[in-house]
1. Which residue, ASN42, ILE59, ILE7, has the largest displacement toward the positive end of the dipole of the chain when charges sit on each Cβ (Lys, Arg +1; Asp, Glu -1)?
2. Determine the sum of side-chain charges near GLU95: Lys and Arg each +1, Asp and Glu each -1, restricted to other residues whose C-beta is under 14 angstrom from that of GLU95.
3. Specify whether the C-alpha gyration tensor of region 1-73 places it in the rounded, prolate or oblate class, a ≥ b ≥ c being the square roots of the eigenvalues: rounded for a/c under 1.5, otherwise prolate if a/b is larger than b/c and oblate if not.
4. State in Å² the accessible area per residue of the chain; use a 1.4 Å probe, count heavy atoms of protein chains only, and round to the nearest integer.
5. With only Lys, Arg, Asp and Glu charged, each at its Cβ (+1 for the first two, -1 for the last two), find how big the charge dipole of the chain is about the Cα centre; round to the nearest 20 debye.
6. Local charge sum around ASP4 (other residues, Cβ-Cβ under 15 Å, Lys/Arg +1, Asp/Glu -1)?
7. Under the 0.36 nm per residue contour assumption, what length would be gained going from the current alpha-carbon distance of ASP4 and GLU99 to full extension?
8. Computed FRET efficiency, Cβ-Cβ of ASN116 and SER47, R0 30 Å: what is it to the nearest 0.05?
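The values are calculated or read from the model by the stated rules, or taken from the named source; none is laboratory data. All figures in this text were calculated on a predicted structure; none of them were measured in a lab. Heads up, the Cβs are rebuilt from the backbone with ideal geometry, glycines too, and the neighbour counts pull from every protein chain shown. Note: areas computed on protein heavy atoms with side chains; ligands, DNA, RNA excluded. Shrake-Rupley method; radii C 1.70, N 1.55, O 1.52, S 1.80 Å.
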Amino acid sequence: MHEDSYISATKKAMSKAYVPYSKYPVGVLIITDKGNTYSGCNVENASYPLGNCAEASAIASMVMGGERKIKTIYVMTKNDEGGIPCGGCRQRIREFSDEDTEIMMCSPDGVKTQLNLAELLPNSFGPEHL
Ligand code: THU
């Protein structure tokens with residue numbers, strides 16, 4: 001798969017978002033170290049705090065697929081600056097990443113900002129600290 005296909009797949013994930021409250025759809029595509037892909041979208045709830053971020057849903061799908069390592073993750077929203085992972089999702093991504101895991105923040109046009117995990121969440125806490 002090439003970058004264009006990853007963008008299309010991320011857009012497709014975003015189109016599935018259930019966002020009646022925020023009207024802020026987010027789509028995520030994970031490419032694992034084995035080259036497989038897993039997607040997710042945000043799923044909100046009338047009891048607002050129970051909503052799930054798109055990253056959480058994509059990570060759950062990856063884990064259900066028996067995989068544990070994110071090589072690249074695309075995060076897309078509809079605005080021009082692209083999808084910016086929230087603080088909680090930076091930690092969720094961190095759990096299954098290396099320092100050189102790439103985070104691609106996208107709008108539907110393509111990648112707007114690319115950072116690796118060390119840049120996205122510097123000096124972070126992770127499994128090896130326990
Ligand atoms: N959201 C995500 O899905 N991922 C993020 O990293 C940022 C926020 C969702 C949560 C909520 O459904 C909507 O975006 C607005 O906050």
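1. Most positive-ward Cα: ASN42.
2. 0
3. Details: a/c = 3.38, a/b = 1.57, b/c = 2.15.
Judged from the Cα gyration tensor, region 1-73 comes out oblate (a/c at least 1.5, b/c at or above a/b).
4. 55
5. It works out to roughly 480 debye.
6. 0
7. On the way: separation 95, 0.36 × 95 = 34.20 nm, distance 2.46 nm.
That works out to 31.7 nm of additional length.
8. Values: r = 36 Å, r/R0 = 1.19.
According to the calculation, E is roughly 0.25.
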